[in-house]
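The numbers here are math on the coordinates, done by the rules we state, and not lab data. Computed from a predicted structure; not experimentally measured. Backbone-built Cβ (ideal geometry, glycine too); neighbour counts: all protein chains shown.
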Amino acid sequence: MDQVEEEYAQDDITIDLSFENAELDFELLDEATEESKDAPQTDSERVQISVQQVKETLQSVPNTDSNLQAHISTIADYLVQLEEKVRDLTVKNAMQTIDLHNLRQLYQASIEENEALATKKEAREAKEANKTLLDSNKSSNQIKAQLQEYMELDMEVQKAKQDNSKLTAEHERVVELCAKFQEEVLLKEIEVAKSDKRLHIMAAQLDNTKELHEQVVKENADLRAQMEAMATQNQTLLKHKKLLVLEVKALQKYSHVNIAGLEQEAQEARMMQKSISAQLERAQEERDELKEKLNELNISGVDTA
C-alpha cells in the first residue's frame, strides 16, 4: 500500500467514510443479470437438468427402487441450497468489492488533497507548524485506522473466497454423485431389458409346451378310442366264442358235425383274442409313456419359469 511522506503528513486532513447517502446502481445489476441469462448454461444448471432427466427416466422405468428417487430428490434440494449459498456469498463479495473500491477512491482523494495542502504549506508561517503537525498526526492516525479497516475487509474477502472454494468442491462432489446415480440407473435399465428378453423366451417355450401338451392329449384321445374299439371287438369275439361253444355243444350229439373244424375255429378265435390282448397291452404301454413325457415337459416348464 502507498505510504504518505513525512513532509505531507503534517497537514490537517479529515476523511469522511460515511456511506449514509450512498446509492447502489441497480441498472448495472439488472444489465449483469440480463447478460447472465444470455450466457451459456453453468455447471449447476446442467446438473439440475441431468438430475431432472434421471428422475424422469426412473419414473418411466417399471419396478424402480423408490430409494433412488428419494436420493435424487434430496440431491436436487441440496443443490438448490448450495446455489443459494453461492448466490449470497457472491452478493456479499460484490458489496465488499464496492466498499473496497470506495475506500480506494477516498484514500486516493486524501493523498491528492494532502499533496495540494503540502504545496500551500510552504507559504504558511513557522508558528503554525506545530499546530499543523499535531493535526497532521491526528489525520495520519485516522488514515491508519482506515487502512486497518481496509485490511480487515481484505481478510474477510479472502475468507469468503476460501468458503467459495469449499462450496465449489462440494458442488463437484455432488456432480460426481449424480453421475454415479445415472450410471446405476443405466445398469438397472440394462437388467430390465435382459429380464424382458428372458421373459419373451420363456413365453415362447411355454407356447411350445402348450402345443406339445395339446398334441399329447389328442394322441391319448386317439389311443383311448382305439382301446375302446378293441375292447368292444374283444367282447364281440367273446360273445361269438360263447355262441360257437353253445352251437358245438348243441350239435355235438350229431355225429355228422366236423368236430376238428370247430376246434380249429375255436383255436383261431383264441389266437385272435390273444393278439387283441397284446395290442391292448402295447397301447396301454404307449399311453403310459406319453403320460410320463407330458409330466416331464410340465416339470421342465415349471422349473424354467
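What nm distance separates the two modelled labels at MET227 and HIS240, each placed 7 Å from Cα along Cα→Cβ?
Inter-label distance under the simple model: 2.4 nm.
Provide the net charge surrounding LEU223, with neighbours chosen by a C-beta distance below 13 Å and charges set as Lys +1, Arg +1, Asp -1, Glu -1.
Residues close to LEU223 contribute a combined charge of -3.
Could you tell me whether region 183-229 comes out rounded, prolate or oblate from its Cα gyration tensor? Rule is a ≥ b ≥ c as square roots of the eigenvalues, rounded for a/c under 1.5, then prolate if a/b exceeds b/c, otherwise oblate.
Taking the square roots of the gyration eigenvalues as a ≥ b ≥ c, region 183-229 is prolate.
Once you place label points 7 Å from the Cα toward the Cβ at ARG104 and ILE201, how far apart are they in nm?
It works out to 7.1 nm between the two label points.
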